[in-house]
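No lab work stands behind these numbers, since they all come straight from the coordinates. If you're wondering where the values come from, they're calculated on a predicted model, not measured in any experiment. Here the Cβ positions follow ideal geometry from the backbone for every residue, glycine too, while neighbour counts run over all protein chains shown.
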Amino acid sequence: MDIREELERLADKEYKEFHSALLPTVDRNRIIGVRLPQLRAIAARIKRASPKGSLPELPQGDTLEETLVRGFVVAGADMPLEEHLKAVAGFVPEIDCWSVCDSFVTSLKFVKKDRERVWEFIQPYFESDRTYDIRFAAVMSLAYFKDGEYAPRVFEKFDKIENDDYYVKMAVAWAVSVFFVNAREETRRYLENNRLDDFTFNKSLQKIIESYRVTPQEKAEIRAMKRK
């Protein structure tokens, strides 16, 4: 059974409807309706069947699920760092929605082996004019660079983003809220002096307020910062 046939067999019509509603930018005909744990299991099986030290043969196909499986295979590949980064760079252009972006990024566990090298690697994506390149960089930041050491550098990058796409703005807002929880002092200073547009700034505050890891007093202080 090839990957596409397996995905079709695993399809859940109700989940397809649910997932399609969350992905308005994706053609619903590209969505089969397979849950992420099942896609990760397929990717893990492909990895186990492949020689260590090299990129496994990637499944082809243009459905959302086939793209996600490719991303999970790339993310979990057992490869030297520079080769792994090259494989990541090869996959990033395939990212065309928030689901693929965020699921792929959170699977890149190898980043922790050399954060400084990976930080260097993602720099061009901050400066790209492509929506999901920038979202990739923003989500990488909140996933792997959310501490006081990197916060000032990340915030400097956020201030230079000029892309007006909703999915870029929401990624930055999400990231700022994550930084607030993990690097409060640095993030407070940033909230007091930044170049974020009003929408992104206020969404950042909203997401901070929604966090259960923020105290009632802090929420009141953050709420008072809202731009009118």
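With contacts taken as Cα pairs under 8 Å and at least 6 residues apart, the chain reaches a relative contact order of 12 percent. Across the alpha-carbon set of the stretch 1-100, the Rg to Rh ratio works out to 0.98, Rh being the Kirkwood radius. In plain terms, the residue of Glu65, Glu185, Glu127 with the fewest other Cβ atoms within 10 Å comes first and the most crowded comes last, giving Glu185, Glu127, Glu65. Counted residue by residue at 0.36 nm each, then reduced by the alpha carbon distance between them, the extension gain from Asp62 to Arg28 reaches 11.0 nm.
What's the extension gain from Ser54 to Thr215 if we count 0.36 nm per residue and subtract their Cα-Cα distance? Full extension of this stretch gives 53.3 nm more. Once both labels are positioned 7 Å from their Cα atoms along Cα-to-Cβ, the gap between Glu127 and Tyr15 label points is 4.1 nm.
Computed from backbone phi, the HN-Hα couplings of the stretch 113-121 come to 5, 7, 4, 5, 5, 5, 4, 4, 4 Hz, rounded to whole numbers (Karplus: 6.51 cos²θ - 1.76 cosθ + 1.60, θ = phi - 60°; Gly and Pro given as x).
About its Cα centre, the dipole of the stretch 114-228 is roughly 500 debye, where the only charges are +1 on Lys and Arg Cβ and -1 on Asp and Glu Cβ.
Seen against the Cα atoms of the chain and their longest principal axis, helix 198-210 is set at about 80 degrees. Across the stretch 49-59, coupling constants 3J(HN,Hα) worked out from phi with the 6.51/-1.76/1.60 Karplus curve, θ = phi - 60°, read 8, 10, x, 6, x, 9, 7, x, 5, 8, x Hz, and Gly and Pro carry x. List the lysines whose Cα lies under 16 Å from the Cα of Lys160, skipping any in the same chain that are fewer than 8 positions away. Excluding near neighbours in sequence, the set is Lys169. Beyond 31 Å between alpha-carbons counts as too far, so tell me which of Lys86/Lys226; Lys52/Lys207; Lys47/Lys203; Lys146/Lys228; Lys13/Lys146 fall in that bin. Exceeds cut-off: Lys86/Lys226; Lys52/Lys207; Lys47/Lys203; Lys13/Lys146. Straight Cα distances below 12 angstrom link Lys219 to the aspartates and glutamates Glu210, with same-chain residues fewer than 8 positions distant left out.
Plainly put, the chain has a radius of gyration that is 1.00 times its Kirkwood radius, both from alpha-carbon atoms, as the Rg/Rh ratio.
What aspartates and glutamates sit close enough to Lys113 to cross-link, taking a C-alpha to C-alpha distance under 18 Å and skipping anything fewer than 8 places away on the same chain? Partners within reach: Asp78, Glu82, Glu83, Asp147, Glu149. Exposure proxy ranking for Val118, Val139, based on other Cβ atoms within 10 angstrom of each Cβ and starting from the fewest, stands as Val118, Val139.
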